[in-house]
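The block underneath contains the structure these notes are about, expressed in structure tokens.
The values are calculated or read from the model by the stated rules, or taken from the named source; none is laboratory data. Not measured: the values here are computed from a predicted model. Counting neighbours? That spans all protein chains shown, and the Cβs are built from the backbone with ideal geometry, glycine included. Accessible surface is based on the protein model in full, side chains and every heavy atom, while ligands, DNA and RNA are left aside. Shrake-Rupley method; radii C 1.70, N 1.55, O 1.52, S 1.80 Å.
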Amino acid sequence: MDAEVVVIGSGQSGLATAYALRREGLTPVLLEAADRPAGSWPHYYDSLTLFSPARYSCLPGMPFGGDPDRYPRRDEVVDYLTAYAARLDAEIRTRARVAEGSAEGSAEDEGFGITLDDGSRFAARAVVAASGTFGNPYRPPLPGLRDFTGTMLHAADYRAPEPFAGRRVIVVGAGNSAVQIAAELATVATVTLATRAPVRFARQHLLGRDLHFWLTVTGLDTAPLGRLLRTPPTVPALDDGRYRSALNAGAPDRRALFTEVGDSKVTWADGTTEQVDAIVLATGYRPDLPYLAGLGALDAAGRPLHRDGASLTHPLLAYVGLEWQRSLSSDSLRGVGRDAARSARRLAARLRR
């Protein structure tokens, strides 16, 4: 089958991209590996709540219903994305995992071949990689971690605290997910939040307004800082007071990262050793783009070679939803629509030549 533009992924990034492409008069086909168009959201932990109010958490063309000042939970976001997909004037093919992309045609009139896991192929004039990061959880090479004989999982695999009741658990990480998961686990288990440096918090509310109001009115949310960053900075954990209070109360307690793991024990920086039942790695994600490896579009670490989402190696290849792709909000519900519109305009202009 031939397609004008293939969009890989139908989570928030892919859906926003399809909307933007349709507004440019292009006809996208979305390829989704899962059985429904909601991206990674159905797979996040049960209690996940957005850090931004509903009024700042919508994709272009469709507001988030209900109280605009509430913080939607995971299942609300799934329902929202499902409804958004149903309203799109675009073909979405589910259970269509992309195995490989290849370049076809001349340098002046380049196209792409897209091969799926089942062997079927698409030909596309342009491709947008909008597959996010959830499929590529980052597991840091900590000393002895591979030899740990207890339960070890990434935050991508964590769902709820009940299976850890009464156990000794270490959560590794200092971001929003690490803090949320550690505090939740501490209600049923003995938990340490292990970090390389003290946890930095940002206040959820300033002068009676949510932080995202101030990010919006000051322009910080959309400032094109991504092109200036060699390494994405660590963003402080947002807090309305409860997480800082939990750490101050020692539930969870916070310690410097352990220095070694052996069997079911960890050794702390002060030399003490203790038995541990489980380690949860809330250590983030990396771009999930293995299907582009053969195109030469990635660097040695698997990161896309791009500027503001435009591929530096293939003029008709674009990215949407990368962390700090252009700005602080690039990989969020509130910001992905802006980057999608920019990528769609560039592709449309190129295709019309």
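In contact (Cβ under 8 Å) with a residue 12 or more places away in the chain and over 20 Å from residue 333 (Cα atoms): does that describe residue 192? Before you say what the answer is, go through the steps one by one.
Details: in contact (Cβ under 8 Å) with a residue 12 or more places away in the chain: yes; over 20 Å from residue 333 (Cα atoms): yes.
Against the criterion (in contact (Cβ under 8 Å) with a residue 12 or more places away in the chain and over 20 Å from residue 333 (Cα atoms)), residue 192 qualifies.
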**Request:** Using the structure shown, decide if residue 195 is of a type outside the set (A, V, I, L, M, F, W, C) and farther than 29 Å from residue 304 by Cα.
**Result:** no
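Here's the yes/no breakdown for (1) of a type in the set (Ser, Thr, Tyr); (2) open to solvent by 30 Å² or more (accessible area, probe 1.4 Å); (3) under 16 Å from residue 283 (Cα atoms):
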residue	(1), (2), (3)
136	no, yes, yes
143	no, yes, yes
156	no, no, yes
162	no, yes, no
170	no, no, yes
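In the set 216, 231, 187, which member is among the β-branched types (Val, Ile, Thr) and either in contact with an Asp or Glu (Cβ under 9 Å, 6 or more places away or on another chain) or closer than 19 Å to residue 284 by Cβ (or both)? Can you show your working first?
Details: 216 fails: either in contact with an Asp or Glu (Cβ under 9 Å, 6 or more places away or on another chain) or closer than 19 Å to residue 284 by Cβ (or both); 187 fails: either in contact with an Asp or Glu (Cβ under 9 Å, 6 or more places away or on another chain) or closer than 19 Å to residue 284 by Cβ (or both).
Being among the β-branched types (Val, Ile, Thr) and either in contact with an Asp or Glu (Cβ under 9 Å, 6 or more places away or on another chain) or closer than 19 Å to residue 284 by Cβ (or both) holds for just one of 216, 231, 187, which is 231.
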**Message:** Just to verify a result, which residue in the range 61-84, among those that are over 17 Å from residue 44 (Cβ atoms) and in a helix (DSSP H, G or I), is least open to solvent (accessible area, probe 1.4 Å)?
**Reply:** 84
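Just one of 249, 237 is open to solvent by 40 Å² or more (accessible area, probe 1.4 Å) and hydrophobic (A, V, I, L, M, F, W, C); which is it?
On the way: 237 fails: open to solvent by 40 Å² or more (accessible area, probe 1.4 Å).
After applying the criteria, what remains is 249.
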**Asked** Going through the range 146-173 one residue at a time, which ones are more than 24 Å from residue 188 (Cα to Cα) and touching a residue at least 24 places away in the same chain (Cβ under 8 Å)?
**Response** 147
**Message:** Restricting to the range 98-107, count the residues that are in contact with a helix residue (DSSP H, G or I) (Cβ under 9 Å, 6 or more places away or on another chain) and either of a type in the set (S, T, N, Q) or open to solvent by 80 Å² or more (accessible area, probe 1.4 Å) (or both).
**Reply:** 2
**Prompt:** Of the conditions (1) closer than 23 Å to residue 143 by Cα; (2) surrounded by fewer than 23 Cβ atoms within 10 Å (Cβ to Cβ); (3) touching a helix residue (DSSP H, G or I) at 6+ places or on another chain (Cβ under 8 Å); (4) not polar (S, T, N, Q), residue 348 fails just one. Which one is it?
**Reply:** (1)
**Request:** May I ask you to list the residues in the range 16-37 that are surrounded by 23 or more Cβ atoms within 10 Å (Cβ to Cβ) and either assigned to a loop (DSSP other than H, G, I, E, B) or in contact with a Leu (Cβ under 6 Å, 6 or more places away or on another chain) (or both)?
**Result:** 16, 18, 28, 32, 37
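For (1) within 23 Å of residue 157 (Cβ to Cβ); (2) assigned to a loop (DSSP other than H, G, I, E, B); (3) touching an Asp or Glu at 6+ places or on another chain (Cβ under 9 Å), each residue gets a yes or a no:
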| site | (1), (2), (3) |
| --- | --- |
| 178 | yes, no, no |
| 235 | yes, yes, no |
| 266 | yes, no, yes |
| 271 | no, yes, no |
